[in-house]
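Have a look at the structure that comes next, please.
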Amino acid sequence: MAYFVTGATGFIGRHLVQELIDNRDGEIFVLCREGSLGRLETLIRRWGSDRVVPVVGDLAQERLGVDPEWIAEHAGTIDHFFHVAAIYDMTADDETNEVLNVGGTQNAVDLAVALDTGTFHQVSSVAAAGDYRGAFDETMFDEGQSLPSPYHRTKFESERIVREECPAAGMAWRVYRPAVVVGHSETGAMDKVDGPYYFFPAMKAVRERLPAWLPSWLPFAEALGATNVVPVDYVAKAMDHLAHLPGHDGEAFHLVNPEPQPTSELINLFCKAAGAPQLATPVPLPRVPLVHEIANGVTGALGGALTGALRNGAVQAALDQTVGRLGIPAEVLAHTGFSAEFDSTATEQALAGSGIAVPDLESYARTLWGYWEEHLDESTGRDAKIRSALEGKHVVITGASSGIGQVTALKVAQAGGIPVLVARGKDKLDETKATIEMRGGTAHVFPCDLSDLDAIDRLCEQLVAELPSVDFVVNNAGRSIRRSLRLSTDRFHDFERTMQLNYFGAIRLVMGLLPAMQAQRSGHIVNVSSIGVQTSPPRFSAYVASKAALDAWSNVVSSEVVDSGITFTSIHMPLVRTPMIAPTKLYDKFPTISPAQAADTVIEAMVERPHEINTLLGNVGAVAHTVAPKLSFRLLNMAYHVFPDSAAAKGKAAESGTRESEQVMLAKLFKGVHW
């Protein structure tokens, strides 16, 4: 079995190739431009297979520009030709769409015919249905539907080329029509801003200005209609399975969610994932058939009028100067909903028994949001003040292999800074470095066990010797232990280990780098401390004490080195959704901030250089301990009894909590506190 794949370095293509590697035998030839061979080689290393073979060519050239000698050598050996390469962009102009989507398909079919391919697989889109109204099933192709944009027209025309020219050449064909493809449902991985991602910056802006509990209102939200999104892993798995299923040549497959998703509901799912205010739920209408018929008619009319208005040239010009500045193209607003409902009955039947199905968006919306926030949000790099502060600066970040440290490194690189990645695990640091370099940045990797003081001394010598400067140090690496004193009497090593990393390791690193900073007359240290230092939550005596010690040390040293241009910031960070808190399953239901939000705070600390960054609740806790300490201890004692020791702390198997409702209520009331 042999395969030929175009678009293998693209989003859907690289996931499809991974499925072919995992599930099929034989060579996989992938089309690649000369200038993209480096990127392909990186992908081949990640795929971990020697069965992927590059074939140099170009989508815009006749027979994809593949060497005639290669074609002659491999004629009759290709069983499946997957044409995935295309431009998936609603904002692209007519010429670009025509050359890459229509011309590219024609060139791919011509190459497949020359190779005497077994089956040609065309990756199309539900956009081929255009503005068709009603149920559009897999047997429908040319129903006289309106095709409102260059993108819609090229998807339709590409399908026509495949349907007409493949049979004429005696070649079997299959067409796959994905809905709006979003990131991987398990990892969130996505390679560009598209579809619902265009609206994420606006959601983030609202989150930063308004509390999550405040409902928002969007005029005519229901008139936005229904949309349909599917994760890329479903699309790749379904294509691999359907392509090898006998008896389905000459068919199209709808890779869609069987149940259309109202756009307003999709917005709310992502707002919830982001921690932003959600759209107010409309008041339900009485269940009277006539009332619902009238309401549906009004909503449909509003939707049609709204869509028509959004496609008006003058309106789009105005939108480009308003919402366009938030990163939402006017062309996208005109196509937020589908007029057709995509019937996927035949596809579901073909997938029956395979275990391949569309996951519920609610189950992975937070994963998609998290990946966008950590990898695709470009606001840090666009901020002139941040770039001015970080560009060309060397930023030593401990705990950089995951969580806050990793995202901070990505944001520093985005702003033109040079992250210096420090953690125990070299492999994960190398992955982060590779990600930064693929995006055009620079990073350095220095593995080190920060609980080993001698190793820290060697690290400092190496950093000073190999780096031209040490401009920032972010003490982010840490260990958290949640265990009551009652269960700690025979575990004094918990306190020693926590202090060793959180306090001694941090100050040893700073002390080792201070001479170099003093010599250059500048430097800023950011300590990722904890809201617990201000609020003193029960069961965190080891953790809070270590962070309080670091705070106290930094406060004293600040007065000794400020005349050398060296400053400190302590961030009393609220509860962050990182691997460090994962063992405490209680936190799964608690309100937390994301690693990206925490990293934004670290960036703020480097740019503004305040002595402390606190939350409102942290300040309230600190004042309460000063003004009314006895009352504070009583309240904390109540929380101590509401939140039991975890099963892990007791050395037992996990068990369900008996006071979960009280726990969640307190967690929401005291948002960000470690209980």
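For segment 355-396, how many residues meet the condition of being within 21 Å of residue 182 (Cβ to Cβ) and in a loop (DSSP other than H, G, I, E, B)?
Looking only at that region, the number is 8.
A quick yes/no check of all residues on (1) at negative phi; (2) among the polar types (S, T, N, Q); (3) under 35 Å from the mean Cα position of the chain (by Cα):
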position: 443; (1), (2), (3): yes, no, yes
position: 469; (1), (2), (3): yes, yes, yes
position: 491; (1), (2), (3): yes, no, no
position: 496; (1), (2), (3): yes, no, no
position: 507; (1), (2), (3): yes, no, yes
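Please verify whether residue 570 is modelled with pLDDT of 95 or more, crowded, with 24+ Cβ neighbours inside 10 Å, in the same structural domain as residue 591 (by TED's automatic domain parsing) and of a type in the set (Gly, Ala, Ser), treating the condition exactly as stated.
yes
Is there a residue in segment 207-214 that is touching a helix residue (DSSP H, G or I) at 6+ places or on another chain (Cβ under 6 Å) and either modelled with pLDDT of 95 or more or more than 30 Å from residue 123 (Cα to Cα) (or both)?
yes
Next up: Six or more apart or on different chains, Cβ under 6 Å: which pairs go from a residue in segment 419-438 that's more than 14 Å from residue 399 (Cα to Cα) to one that's crowded, with 17+ Cβ neighbours inside 10 Å and among the small types (Gly, Ala, Ser)? Could you list them?
If the second residue must be crowded, with 17+ Cβ neighbours inside 10 Å and among the small types (Gly, Ala, Ser), the pairs left are 436/413; 436/443.
Also, quick follow-up: Of all residues in segment 371-393, which are buried (at least 20 other Cβ atoms within 10 Å of the Cβ), more than 14 Å from the chain's Cα centre (by Cα) and not small (Gly, Ala, Ser)?
Within segment 371-393, 380, 386, 390 qualify.
Just checking, how many residues over segment 153-188 are under 29 Å from the mean Cα position of the chain (by Cα) and among the charged types (D, E, K, R)?
3
Would you confirm whether or not segment 524-546 contains a residue that is crowded, with 19+ Cβ neighbours inside 10 Å, more than 18 Å from residue 570 (Cβ to Cβ) and free of Cβ contacts under 8 Å to residues at least 60 places away in the same chain?
Within segment 524-546 (the criterion being crowded, with 19+ Cβ neighbours inside 10 Å, more than 18 Å from residue 570 (Cβ to Cβ) and free of Cβ contacts under 8 Å to residues at least 60 places away in the same chain), the answer is yes, since at least one residue qualifies.
Which of the residues spanning segment 7-55 are in contact (Cβ under 8 Å) with a residue 40 or more places away in the chain and closer than 19 Å to residue 190 by Cα?
Across segment 7-55, the qualifying residues are 7, 8, 10, 11, 12, 13, 15, 16, 18, 19, 39, 42.
Checking the condition buried (at least 22 other Cβ atoms within 10 Å of the Cβ), more than 19 Å from residue 343 (Cβ to Cβ) and of a type in the set (A, V, I, L, M), which residue from 114, 108 passes?
Within the list 114, 108, the selection yields 108.
Another question, if that's okay. Among the residues of segment 348-370, count how many are surrounded by fewer than 18 Cβ atoms within 10 Å (Cβ to Cβ) and in contact with a strand residue (DSSP E or B) (Cβ under 8 Å, 6 or more places away or on another chain).
1
Could you go through segment 251-268 and let me know if any residue there is assigned to a loop (DSSP other than H, G, I, E, B) and under 17 Å from residue 212 (Cα atoms).
no
Then there's this: Test residue 127 against the criterion of being surrounded by fewer than 15 Cβ atoms within 10 Å (Cβ to Cβ), in contact (Cβ under 8 Å) with a residue 12 or more places away in the chain and under 30 Å from residue 193 (Cβ atoms), and give yes or no.
For residue 127, the condition - surrounded by fewer than 15 Cβ atoms within 10 Å (Cβ to Cβ), in contact (Cβ under 8 Å) with a residue 12 or more places away in the chain and under 30 Å from residue 193 (Cβ atoms) - is not met.
Moving on. Need a quick list: strands (runs of 3 or more DSSP E) entirely within segment 23-122 having at least 2 residues that are under 30 Å from the mean Cα position of the chain (by Cα) and of a type in the set (A, V, I, L, M).
28-32, 52-56
Mind checking which pairs have a first residue in segment 599-617 that is at negative phi and crowded, with 18+ Cβ neighbours inside 10 Å and a second that is assigned to a loop (DSSP other than H, G, I, E, B) and polar (S, T, N, Q), Cβ under 9 Å, 6 or more apart or different chains?
602/476
Select the strands (runs of 3 or more DSSP E) contained entirely in segment 443-550, then report the ones holding at least 3 residues which are at pLDDT 95 or above and closer than 24 Å to residue 620 by Cα.
The strands (runs of 3 or more DSSP E) meeting that bar are 523-530.
Just name the residue that is farthest from residue 128 (Cα to Cα) out of those in segment 52-107 that are among the aromatic types (Phe, Trp, Tyr) and at pLDDT 95 or above.
70
I want to confirm something. Restricting to segment 130-145 and keeping residues that are surrounded by fewer than 11 Cβ atoms within 10 Å (Cβ to Cβ) and free of Cβ contacts under 8 Å to residues at least 60 places away in the same chain, which single residue is nearest to the chain's Cα centre (by Cα)?
142
Something else: Within the set of pairs 6 or more residues apart or between chains, which connect a residue that is farther than 29 Å from residue 644 by Cβ and surrounded by fewer than 22 Cβ atoms within 10 Å (Cβ to Cβ) inside segment 465-492 to a residue that is polar (S, T, N, Q) and modelled with pLDDT of 90 or more with Cβ atoms less than 6 Å apart?
These pairs meet every condition: 469/520.
The values are calculated or read from the model by the stated rules, or taken from the named source; none is laboratory data. Here the structure is a predicted model, which is why all the values come from computation and not from measurement. Cβ: placed from backbone, ideal geometry, glycine included. Neighbour counts: every protein chain shown.
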